[in-house]
Structure formats: structure tokens, C-alpha cells
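The values are calculated or read from the model by the stated rules, or taken from the named source; none is laboratory data. Just so we're clear, the structure is a prediction, and the values are computed from it rather than from any experiment. So basically every Cβ, Gly included, is an ideal-geometry build from the backbone, and we count neighbours across all protein chains shown. Note: accessible area is taken over every heavy atom of the protein model, side chains too, but ligands, DNA and RNA are not part of it. Shrake-Rupley method; radii C 1.70, N 1.55, O 1.52, S 1.80 Å.
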Amino acid sequence: MRQLLALLLAVAPVSAFAHETPAPFTAAPLAMGSSWYPEQWPETRWDADLTLMKRAHLNVVRIGEFAWARIEPKDDVFDFAWLDRAIAAAGRNGIRVVIGTPTAAPPIWLTEAHPDTLRVDADGSVARHGGRRHFSYASTTYRRYATRIAEQLARRYGRNANVVGWQIDNEIGVPSYDRDATARWAAWLTARYGVIDVLNRRWTTEYWSQTYTGFEQVPLTLAADQNPALVLDARRFASSVWADYIGEQARAIRRHADPRQFITTNSTLWNDNFDQYLVHSDLDIAAWDEYVPDGHPDWAANALHHSVVRSYKRRNFWIMETQPGRVDWGPINRSLDPGQTRELAWQAVAHGADAVLYWQWRSALNGQEQYHGTLVGPDGTPMPIFDEIARTAAELHVAAQYLVGTTPAPAEVALIYSQESRWSIEHERHSRDYDPVAVLKDWYRPFASAGIPVDVVAPDTDLSRYRLVMAPQMTVLDAATARRLELYVAAGGHLLLGPRSGMKDGDNALSLARQPGSLAALLGGRVDYYYPLDNEVGLSGLGIAGAARVWAETLEVQPGTTVLARYGAHSGWLSNKPAFVMRERGKGWIAYIGALLDGDGQMGIVRWASAKASLKPSMIPAQSDLEVVERRLGRRRYFVAINHGDRDISLALPAKLSFILGDISGSTLAAHGVALFANNSSNP
Ligand code: GAL
């Protein structure tokens, strides 16, 4: 411990070097742990569980997030004694605690006394007790109870030395259409538009007699047959209600919590029920629940997932839940292969996770998740995955001495993730096959294979430090974002836009200029028309050969704008038309690719853009199935190499790297193996 403290002090002054705020909120430099539900077991069992956790080198548990009925058995009657003892028992065993506020599972007395707090779904059905998340996020009454229990917990444990952080609720997202929600909606619209005629004009309600005379008439709905402006606003509204819900609990906790304790929520990936950036604004760190339900990890997609979550706060994050082997909610629930649980944990850490927690420690004898993967069985003894997790935790404890305070190295490439554009496209895909999440993965994947780090960023991020900025589908382009992109290019930045960019304004209305809307002048070109495809169409140009798929736009250019690739001949409306164009602006440039591409085409674009933006090559040359990620603190640089494939890989290791730990023999990295290296000046 003393050694660790000395290490922390030694690195403290260097932290100003990190391009991102270093994560101060960690239980230990790297935490490993699990969800633990002491309320489900006799107290006489707790020490045996905690001893086994120690044997697995775990040092953190998350507790309490579904235990409302136990903590507050009657309205305003609190029983903390058992929780005091559970937290103390964990502490005696050197295990830190994250407390989950139990608001995802309100107790029956609350539901009975206030049935109006129950969630109402879009079809009018009312949620029932027993299935969790049976509350309305908009209910003022529910909010009162939820904030009260969060505050009571914080009063009790906000100064507890063994409590390192707080998780608000659990996987929020399901909206409600109850009376409080519709009242909030009318108020939200009133605040946004002031007078109803403004809404009518901006939404173009002179269409199918949608004109409204009062805000309370506007339906709260995400239905496919509704006005795109209404649906985008309904999404924004849900985001603001969730942000407010989280903010209320966060503020209640913060009133009593030691600043050393972090506040987060555990999010699910690609959850499009709300804008993650907004919901995270009152939180200290992001945390997410990483699951691979089919048991077949897709490493490049996983890398993107971590980058997405890291972008919420632009700092290191936690994996608050992940599967010990398998889940119980997929169609088949295949287990990860031996070694893959370790591989996933290392990958998460490489990308900036400061903690990895498994869900869950031991399954309750009853309850809805009896078949889920666990570390110990119903008999309380280790399951087959236990040893692999114990080994991983032991390795990460060693790695922690090096990785403490580090964050993923600054990337030269930014990928803009516009949640509003994703909502807009989802509402009107136009082609069934246009999947906006798949598009993000398709753009990210070739960078992952080429070993080029990419930061995912929100549209309002300061882009000035990136050499290449990609906006694969900036469909909703508001004036402020367009201006920021223009300034970025004017200052010498390199901007690559994908199809459908700039098609809509901030009201989800068609832009008066065709794509890329307000950036058309900067590009010196525009989209002539767009064509969903049911077959691939070849396209070729400067070093790029591939095929357009799903979506193709024909472009027209003015003098000064270069055509880099065209669709092939004999392809109907697309024949020989420009598909990819670029304009230089001083040292900067803007390029527009008007098609979704197959793998070859996408790789061609990446090669072109990397060369054109002069991106630095990776320190360890890329190879198929090899992932190398750097974590850095000032001049100290560490490299996690992961072989995601089934064959050994021979690494071309620069002499200045020294091996710290992992599955290396000579320069060979074993199949599904992991290794940690440091540059030579990095020893702690
Ligand atoms: C998560 C949830 C946990 C548990 C887990 C099972 O979505 O937060 O409580 O249900 O799934 O995989």
C-alpha cells in the first residue's frame, strides 16, 4: 500500500500532460470485482463469499441496487443495519464498495400507495410489480421517493471510507407515457417554442392537418407515422427527463458524499432512449455494462463500444457489469471460449476502463436470472470460469502499478457520434438496410485493423487537436455545428463527411440546400440525388476500388473541387457520376463520400484519408487479428497487445519496448493472448 501511495505521489505532477482529465475516481488503480447481493443470503455466509473473492483477487463489489424493499421496508422506515454490516465485512476483507441506489426496483408498499407512479407504455399498458423498472421516470411522486432514498444512503455512507462510489439506478432508459410525462412534455414544448405558432412553423404542421392550437394537444409519441420534428423533439424530451432524474439523485448524493466518491450510472450500449452526453452531464465518470450475448466477441466493434463510452465524459470509465462466461437473456446463451473472458477484460482496460466488475457473484436460488453466468455456483463453490477471472485479476494488479493514472493515448482521428442524426435516420431509414449503428462500426473497423486509434466524440467537442475528423452521418446539422466544422477546416483541419450529412436542420426539417446543407459552399459541391441500393455498385478512383452498398448519392462539383472516385459505367442513375469529392482549403480540406461502402471501399477511404492527413503509423505494426492500444501518462507509455485470433502472431517489436507481462514467447504472441509492454523510460 505504501508503495502504491509513493507511486501515486510520484506521478501526480505529471498528470497535467494527459490530454484528458485523468480519472481521479478509482477504488484502486485498477479494480476488479463483482455484483454482490448480500441481502439474498444469510449473514453467516458473507465471510465465506468475501474470502473467496479475495482468493480471486477481487477488490470491489457493487451492492444494493435492487434492495429497496430491504433498505426501506415501510414508507420512511429505514433499515441500514444489515448494509452497515455488509459494507464493514467487505472492508475487513480489503474489498471496496460501490453502492447502487435501488430505484430501478421500487417496493410494493410504494406501488400500492401510489399506483400513479407505475410506468405506462406507449400502448397504454401499465407496468406490474415484480419485473423491475416499473416506475415512471417523470412521476413527481416517484422522484420524491427516489431522491429521498438516494439521499438517505448518502447521509449514511457518504463519508464511509470503504465506499468508493455511487451508481444511480440501474440501466435507465424505458420511457413512460403517464399523465406526469405528458404534462412535462407540454411544459417542455412551451419552454422551447414559447408560442404554438412557432412550433407549427418549424415543424411544418400544415401537413395532414397537424396544426396545433395549444402545446397540451401535441401527442407524446415516437410512432413511425408522426412528424419527424415531433419525434426528434420527443427524443430530446426523454433525454431531458432522464438527465433530470439522474441529476436529482446525483445532487442529493453529492450533498453528503465525500468528493473522493464518484457518482455514475451503469449504461447499456447503443441505448437510443436518450442522449448519453446529456445524461452524463451531472455524473463524474461513465460506466457501462458490456455483454456479448451470442458469446462471439467482435473485437473491432468492442473497441468502438469502449470509445463511445469513453466519449461521454472524455475520461477513463468503469465496466460496471460484464459476463462471467455467458448471459441468460440471449437466444442461445453460448459461453465465451476459455480465455476470452480474460481477453475482454484486458481489452476494456486497454481502452480506458479502470475497473471490471462481473455480473454476478452467485445466482440467487430463485429470481429471474437463475441461468446467468456466475463466479460461484448455487452451492457457493467456484464455477469453471472462476480461475480465469482470478488469473486476470492477479495480472491486472501487477499491471496497475504501471497503468495507474494513465489514459488511452491521444488519438489523431475523431469520429463524431451524433445521437440526433441517429434518431433522425432511425425514424426514416428510407432503406430498411440503412442501420446507423452498423455505419459507425463500418467506418471504425478499418481503423481498428490498421492500428490507428480513433476517439469517438460528441458533435460539440473541440476538434482543434485532431488531424482527421470524420462525420459518417451528420444528418441533423444545426447551424452551430456547421460553423464549428467550417472553422475547423479553415484552421487547417481535415474533415471527411459521409452520406446523408447536412440533409436536415436542427428541427429535423429538410435543409434548403441539398446535402451537405450548410457545408455545401465549403465543399464546393453538393448531392444531386440519393439512391437506396438493393445491389452493390462498383466505384473506383484514386487508389480506391470497392463497391457502394445500401445507399449511393451522386455528387456535382464546382471548379476547384476534385472528384476522387466515380461510380462505374452501366449503373443506371449512378453511371460515371462522382461518388467521392474533395476540396482543399489552405492547409485544410473537406471531403464528402456519398455512399455506404463495402470493406474494400471503406479500407480504401481510410488509406487515402490517413495518407492525406499524414497520420502517424502505430508503434507495433498492425496485423490481422492484432490489436495494440496505448495508455499513457506524460512520457510514460504502455502498450497492451491482444491477439484476437486463433493463431499465434509474430510481433515486430521495436527495441525500445520492454515486455512486462503476458503470453509472449520470443516475439510470439499466443492465440487469444495478451501482453503488456512499456517504452523504456516507463518503469514505475
Ligand atoms: C444487466 C442488469 C443486471 C442483470 C444483467 C444480466 O442488464 O443490469 O441487473 O440483469 O443484465 O446480464
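Keeping every protein chain in place, order D505, D433 by accessible area at 1.4 Å, biggest value first, i.e. largest first.
Output order, biggest surface exposure first: D433, D505.
Run the dipole for the chain about the Cα centre, Lys and Arg Cβ at +1, Asp and Glu Cβ at -1, nothing else charged, and hand back the magnitude in debye, nearest 20.
Once rounded to the nearest 20, the dipole reads 2140 debye.
Give me the dipole magnitude in Debye, nearest 20, for segment 626-679 about the Cα centre, with unit charges on the beta carbon: positive for Lys and Arg, negative for Asp and Glu. Could you put the intermediate results ahead of the total?
Details: 7 positive and 5 negative charges, 95 e Å.
For segment 626-679, the charge dipole is close to 460 debye.
Does segment 626-679 come out rounded, prolate or oblate, given a ≥ b ≥ c as the square roots of the eigenvalues of its C-alpha gyration tensor, rounded meaning a/c under 1.5 and, failing that, prolate meaning a/b above b/c?
prolate
Mean residue ellipticity at 222 nm from the helices of the chain, using -39,500 (n - 2.57) per DSSP H segment of n ≥ 4 over the full residue count, to the nearest 500 deg cm²/dmol?
Computed ellipticity for the chain at 222 nm equals -9500 deg cm²/dmol.
Probe of 1.4 angstrom, ligands and nucleic acids ignored: what's the accessible area per residue over the chain, in square angstrom?
On a per-residue basis, the chain sits at 39 Å².
So which chymotrypsin sites (Phe, Trp or Tyr not before Pro) in segment 202-243 end up in coil per DSSP with only 15 or fewer other C-beta atoms within 10 Å?
Passing sites in segment 202-243 are Y207, W208.
Where in segment 573-600 does the label zone of E556 land, with the point 7 angstrom along Cα→C-beta and an amide N cut-off under 15 Å?
The answer is 574, 577-579, whose backbone nitrogens lie closer than 15 Å to the label point.
Does a label point 7 Å from the Cα of R251, set along Cα-to-beta-carbon, have any residues of segment 153-176 with amide nitrogen under 18 Å, and which are they?
Answer for this model: 153-155, 168-169.
Work through the residues other than T101 whose Cβ is under 10 Å from its Cβ and net out their charges, Lys, Arg +1 and Asp, Glu -1.
Charge balance near T101 sits at -3.
I need the shape label for segment 158-204. Rule: rounded when a/c is under 1.5, else prolate if a/b > b/c, else oblate, with a, b, c from the alpha carbon gyration tensor.
On the way: a/c = 3.84, a/b = 2.89, b/c = 1.33.
Note, shape of segment 158-204 comes out prolate.
Between A48 and D379, with labels modelled 7 Å along Cα→Cβ, what's the label distance in nm to one decimal, could you check?
1.2
Residues of segment 598-633 with amide nitrogen under 20 Å from the 7 Å Cα-to-Cβ point of S464?
From segment 598-633, the list is empty.
Please work out whether the chain counts as rounded, prolate or oblate from its C-alpha gyration tensor, where a ≥ b ≥ c are the square roots of the eigenvalues and a/c under 1.5 means rounded, while otherwise a/b larger than b/c means prolate and anything else oblate?
Here the chain falls in the oblate category.
What helices does the chain have that are whole DSSP H segments, at least 18 Å long along their own axis by Cα, and with mean Kyte-Doolittle hydropathy of -1.0 or more?
Within the chain the helices that satisfy the rule are 179-193, 228-254, 299-313, 386-403, 436-449, 599-612.
Do any GluC sites (Glu not before Pro) in segment 165-229 lie in a DSSP loop with no more than 14 other beta carbon atoms within 10 Å, and if so, which?
Hits after loop and neighbour filter: E206.
If you stretched the chain out fully between K74 and A223, how much longer would it get, using 0.36 nm times the residue separation minus the C-alpha to C-alpha distance?
Between K74 and A223, full extension yields an extra 49.7 nm.
Between A113 and A545, what length comes free when the chain is fully extended (0.36 nm per residue of separation minus the Cα-Cα distance, one decimal in nm)?
Stretched fully, the A113-A545 segment lengthens by 148.9 nm.
Distance between the C-alpha centers of segment 588-627 and segment 638-683? Whole Å please.
Taking the Cα centre of each part, segment 588-627 and segment 638-683 sit 24 Å apart.
Per-residue HN-Hα couplings for segment 578-588, Karplus 6.51 cos²θ - 1.76 cosθ + 1.60 at θ = phi - 60°, whole Hz, x for Gly and Pro?
Each residue's phi maps through the Karplus curve to give x, 10, 9, 9, 8, 10, 7, 10, x, 7, x Hz.
May I ask which residue of S335, L487, S176 lies farthest towards the positive end of the charge dipole of the chain, with charges of +1 (Lys, Arg) and -1 (Asp, Glu) on Cβ and the Cα centre as origin?
Of S335, L487, S176, it is L487.
Hand me the chymotrypsin sites (Phe, Trp or Tyr not before Pro) from segment 345-410 located in a DSSP loop with no more than 15 other Cβ atoms within 10 Å, in residue order please. Write down the numbers at each step before the final one.
Working: sites: W346, Y358, W359, W361, Y371, F386, Y402; in loops: W359, W361, Y371.
In loop regions of segment 345-410 (DSSP not H, G, I, E or B), the sparsely surrounded chymotrypsin sites (Phe, Trp or Tyr not before Pro) are Y371.
Would you mind calculating the relative contact order of the chain from Cα pairs under 8 angstrom and at least 6 residues apart, reporting the percent as a whole number? Numbers along the way, then the final one.
On the way: 1423 pairs, mean separation 76.2, N = 684.
Computed over the chain, the figure is 11 percent.
Rounded to the nearest 0.05, what FRET efficiency do A655 and A611 have when you use their Cβ-Cβ distance and R0 = 35 Å?
Values: r = 27 Å, r/R0 = 0.76.
Efficiency for this residue pair is about 0.85.
Which distance in nm do the two modelled labels at D294 and A191 give, with both placed 7 Å along the Cα-to-Cβ direction?
So the label points at D294 and A191 sit 4.2 nm apart.
Compute the distance in nm between two label points, each set 7 Å from the Cα along the Cα-to-Cβ direction, one at D123 and one at R260.
It is 5.1 nm.
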